[in-house]
1. What tally of residues in segment A:150-162 results from selecting those that are of a type in the set (Val, Ile, Thr) and either within 21 Å of A:Val233 (Cα to Cα) or touching a Phe, Trp or Tyr at 6+ places or on another chain (Cβ under 7 Å) (or both)?
2. So which of B:Arg147, B:Arg138, B:Arg95, B:Arg75 ends up being surrounded by 10 or more Cβ atoms within 10 Å (Cβ to Cβ) and touching a residue at least 24 places away in the same chain (Cβ under 8 Å)?
3. Return the pair list, or none, for Cβ contacts closer than 8 Å from residues in segment B:150-167 that are farther than 21 Å from B:Leu179 by Cα to residues that are acidic (Asp, Glu) and open to solvent by 50 Å² or more (accessible area, probe 1.4 Å), at least 6 apart or on different chains.
4. From the list A:Glu63, A:Glu67, which one is without any contact (Cβ under 8 Å) to a residue 40 or more places away in the chain, assigned to a helix (DSSP H, G or I) and either buried (at least 16 other Cβ atoms within 10 Å of the Cβ) or of a type in the set (Ser, Thr, Tyr) (or both)?
5. Name the residue that is farthest from the other protein chains (Cβ to nearest Cβ), counting only residues in segment B:33-61 that are under 49 Å from the mean Cα position of the chain (by Cα) and open to solvent by 40 Å² or more (accessible area, probe 1.4 Å).
6. From the list B:Leu42, B:Leu70, B:Leu46, pick out the single residue that is part of a helix (DSSP H, G or I) and either touching a His at 6+ places or on another chain (Cβ under 8 Å) or farther than 27 Å from A:Thr44 by Cα (or both).
7. How many residues does segment B:150-174 hold that are in contact with a Lys or Arg (Cβ under 8 Å, 6 or more places away or on another chain) and either open to solvent by 90 Å² or more (accessible area, probe 1.4 Å) or at pLDDT below 80 (or both)?
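The values are calculated or read from the model by the stated rules, or taken from the named source; none is laboratory data. Computed from a prediction, not measured in an experiment: that's the story for all the values here. Neighbour counts run over all protein chains shown; Cβ positions are idealised from the backbone, glycine included. Remember, those area values only see protein heavy atoms, side chains included, never the ligands or the DNA or RNA. Shrake-Rupley method; radii C 1.70, N 1.55, O 1.52, S 1.80 Å.
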Amino acid sequence: MADPIHQFELKPIFSLGRIGGSEIVFTNASLFMFGAVALVTLLTMLATRNRAVVPGRLQSLVEMSYEFVASTVRSSAGNEGMRFFPFVFSLFMFILILNLFGMIPGGFTVTSHIIITFALAALVIGTVIVYGFWKHGLHFLHLFVPSGVPVYILPLVTAIEVISFLSRPISLSVRLFANMLAGHITLKVFAGFIGMLASGLGALGWVVGVLPLAMTIALTGLEFLVAVLQAYVFTILTCIYLNDALHPGH
Amino acid sequence: MAQPIVTSTGATPPAGAKAAFPPFQTETFASQLLWFAISFGLLYYLMAKVALPRVGAILEERSNRIAKNLEEAQRLKEESEAAAAAYEKSLNEARAKAKAIAQETRDALLAESEAKRKALEAELAQKIAASEAAISARTAEAMASVRGIAADAAAAIVERLTGQSPERAAVEAALNRALAH
């Protein structure tokens, strides 16, 4: 049976040598990341090359993505949030394309690596913290001190707010990582059952193998949903966190 | 190529020894982060500087164009409404004018015929009066000659009967007496 973990292995393509004790290797993951960048860039540039007033299919697709992300940003973070629109759009497209790349047979799911999802989450939280302090100074700390709370429970509320803020990068990164990892492992395991049944039980195995096949097909559909949904969830949570940076006194 | 990354560090794992779960191989983190930073940075730069302004410009141009076209349509609609109102107005004016002209003509014709009638009547009345005057003059004349004739006839009768002509004054007096009856 094929190893369900095999699909997450990083395969080196070339090495840049060692920098500070770590070897810098260009792997299949790096290739897929650059592939996503190239795809998103090509898609947007190709779609907008005519600058048509009445859009074609490709231009409609890009415009819809634009409007979709823009409306998500506006509804969660207000019009001031639009200064982060390129950031949020890049995040959404990057995660979406990487998730979908993972659905290509033989492809690689970059977002199933915790270091990448953590880097994405850290980027979001880092942006929130840096922008929050830059824009509001120490007033940004009001984020942890909600107004209208009685003084005697304020320390408790503040502690909870601090903990919830600190857990954000963890929950944000682990949610995406775990969803992609678990989904792909499940898919691989069920697909592996088909081969195991066929080779182990002979003719009967071929018949019974229909069950995991059906399951694999259903899971594939589900995984496409998860791929898109997790990209959206990451995006909308980013917008909500950015809203905290824009309007800390909630 | 088909080997796990750990082999690239030179330490080939012994057969059967399981390598760490790939996402938790910490020795890969540095290179993963580096390539992530480069690729995502590149994507952000391309989106923020090139792609998104282009899409935004297209969308803005479209909404501007739609707004402009709607404005133009509104303007044309107002124009056509104004033209319809002007047409209606001129139609009403023409109607009123036609009515006035008809009335005027009718009045003029009426007045003219009235004047003609009056003139005719006056002429007729004048003629009647003239005729009446002529008649009465003739009558008076005739009456006057009747009296003369009567006096002459009476004088001739008296002369024939008596053989001598009567006094003119006596004849007149007798006539007056006879006419008084």
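1. Here the count works out to 2.
2. Exactly one of B:Arg147, B:Arg138, B:Arg95, B:Arg75 is surrounded by 10 or more Cβ atoms within 10 Å (Cβ to Cβ) and touching a residue at least 24 places away in the same chain (Cβ under 8 Å), namely B:Arg147.
3. Filtered contacts from segment B:150-167: B:Ser165/B:Glu159.
4. Numbers: A:Glu67 fails: either buried (at least 16 other Cβ atoms within 10 Å of the Cβ) or of a type in the set (Ser, Thr, Tyr) (or both).
The match here is A:Glu63.
5. So, considering only residues that are under 49 Å from the mean Cα position of the chain (by Cα) and open to solvent by 40 Å² or more (accessible area, probe 1.4 Å), the one farthest from the other protein chains (Cβ to nearest Cβ) is B:Glu60.
6. Values: B:Leu42 fails: either touching a His at 6+ places or on another chain (Cβ under 8 Å) or farther than 27 Å from A:Thr44 by Cα (or both); B:Leu46 fails: either touching a His at 6+ places or on another chain (Cβ under 8 Å) or farther than 27 Å from A:Thr44 by Cα (or both).
Exactly one residue qualifies, and that residue is B:Leu70.
7. Quick first cut of segment B:150-174, residues in contact with a Lys or Arg (Cβ under 8 Å, 6 or more places away or on another chain) only: B:151, B:155.
Then keep just the ones that are either open to solvent by 90 Å² or more (accessible area, probe 1.4 Å) or at pLDDT below 80 (or both); that gives none.
So the count comes out to 0.
Matching residues to (1) within 14 Å of another protein chain (Cβ to nearest Cβ); (2) without any contact (Cβ under 8 Å) to a residue 12 or more places away in the chain; (3) not charged (D, E, K, R):
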{"site": "A:Leu156", "(1), (2), (3)": "no, yes, yes"}
{"site": "A:Ser173", "(1), (2), (3)": "yes, no, yes"}
{"site": "A:Leu181", "(1), (2), (3)": "yes, no, yes"}
{"site": "A:Tyr232", "(1), (2), (3)": "no, no, yes"}
